[in-house]
Amino acid sequence: MINNNLILNVYEKKTLKSKISTQLLYGEKFSIIRKYKDCLKIKSSYDKYIGYISKKKYLTKMNPTHKVSVLKADLYSKPNKKFKLKKKYLFVHILR
């Protein structure tokens, strides 16, 4: 499974009132060990950490709303089209 949220809290125990032990960032992979009524017991692929996440926060199906067709973006010095810079941000550097 892949985390589709920006940040997903991982708890020490099944209850969401327990301590937050770590967080999964967007795109981090994890496996589901066991399903409970309100939460899932997971194991992160990166550091093999075991904890619990809320079922409400985890999306099982994600419907894509946008498609990336160009791996570059325009840069602006201020939030206005008049302040467009000549430089472009290339996302290829991140993908390598």
Please report, in whole Å, how far the alpha carbons of the chain spread along each principal axis, starting with the longest.
52, 26, 26
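Go through LYS57/LYS88; LYS19/LYS48; LYS43/LYS72 and tell me which ones have a Cα-Cα distance over 23 Å in this structure. It would help to have the intermediate numbers written out before the result.
Details: LYS57/LYS88 35 Å; LYS19/LYS48 18 Å; LYS43/LYS72 34 Å.
Check vs 23 Å cut-off fails for LYS57/LYS88; LYS43/LYS72.
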Cα→Cβ-extended label distance, 7 Å offset, between ASP74 and ILE2, nm
2.9
Under a GNM of the chain (C-alpha, springs under 10 Å), which listed residue has the highest mean-square fluctuation: ASP74, ASP38, ASP47?
ASP74
Computed D for the stretch 7-54, Stokes-Einstein, Kirkwood radius over alpha-carbon pairs, 20 °C, 1.002 mPa s, to the nearest µm² per second, is 204
Multiply the residue separation of LYS82 and SER18 by 0.36 nm, subtract the distance between their alpha-carbon atoms, and state the gained length in nm to one decimal.
18.1 nm
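Here, each number is a calculation from the coordinates, and none is a lab measurement. Everything numeric here is computed off the predicted structure, so don't read it as measured data. Neighbour counts are summed over all protein chains in view; Cβ atoms, including those assigned to glycine, are modelled from backbone coordinates with ideal geometry.
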